[in-house]
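Novice: One structure, pasted below without further comment.
The values are calculated or read from the model by the stated rules, or taken from the named source; none is laboratory data. Worth saying up front: this structure is predicted, and the values here are computed from it rather than measured. Using ideal geometry, Cβ is built from the backbone for each residue, glycine included, and neighbour counts are taken over all protein chains shown.
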Amino acid sequence: MFRNLIIGVTAAVALALAQTPQSAVVHIYRYKLDRFKTTHPLVSCDTFPVAHIQNGRVYTMKISAAQHTFTVADAPMGINIEAQAGKEYFIRLDYALNSAFSGARPVLVPAEQGRQEIRSLKPLDEWYVEAATCGQP
């Protein structure tokens, strides 16, 4: 009987570990704008190209639970995310309209706001997605 109890507990722990998410979800998106609509800025994660983001589109990917840096090819600085397993992160590409720098820059958006902003966006066309990933999902 004690042996059956140990086997049952071991199986329950193994099942719980298997169901525990080991990755986080990141949504990278752009508003649909009249200005800069023909540009497709390249977003990278930890120096690996991820995707060219279209105007008015969203790209969703899984990343490992760890520290990651997201950059845009034409932006001088990126953002750092300490990704936690099971959480969602939203990165919006913004354009400074009244600035000498006219490229996109990544902005980390609060989850509630990000969910609202991506509702009306279409998924990114698959041919804009690069082959690399960000960490091990």
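Novice: Look through the stretch 43-75, keep the residues that are without any contact (Cβ under 8 Å) to a residue 60 or more places away in the chain and in contact with a Lys or Arg (Cβ under 8 Å, 6 or more places away or on another chain), and return whichever of them is nearest to residue 30 (Cα to Cα).
Specialist: Within the stretch 43-75, the match that is nearest to residue 30 (Cα to Cα) is 55.
Novice: Kindly state which strands (runs of 3 or more DSSP E) lie completely within the stretch 1-80 and contain at least 3 residues that are modelled with pLDDT of 85 or more and either basic (Lys, Arg) or under 21 Å from residue 120 (Cβ atoms) (or both).
Specialist: Numbers: elements: 23-30, 42-45, 48-52, 57-64, 67-72.
Here the list reads 23-30, 57-64.
Novice: Say we look at the stretch 81-93 and pick out the residues that are surrounded by 15 or more Cβ atoms within 10 Å (Cβ to Cβ) and not in a loop (DSSP other than H, G, I, E, B); which of these is farthest from the chain's Cα centre (by Cα)?
Specialist: Across the stretch 81-93, the extreme among qualifying residues is 93.
Novice: Shifting gears a bit: Those residues that are loosely packed, with under 11 Cβ neighbours inside 10 Å and either assigned to a strand (DSSP E or B) or at pLDDT 95 or above (or both), I need them from the stretch 94-112; list them, please.
Specialist: Of the stretch 94-112, the ones loosely packed, with under 11 Cβ neighbours inside 10 Å are 97-100, 110, 112.
Residues satisfying the conditions are 110, 112.
Novice: Quickly run through the stretch 58-72 and pick out the residues that are in contact with a helix residue (DSSP H, G or I) (Cβ under 9 Å, 6 or more places away or on another chain) and surrounded by fewer than 21 Cβ atoms within 10 Å (Cβ to Cβ). Before the answer, list the steps.
Specialist: Kept after step one, since they are in contact with a helix residue (DSSP H, G or I) (Cβ under 9 Å, 6 or more places away or on another chain), are these residues of the stretch 58-72: 58-60.
Selection gives 60 alone.
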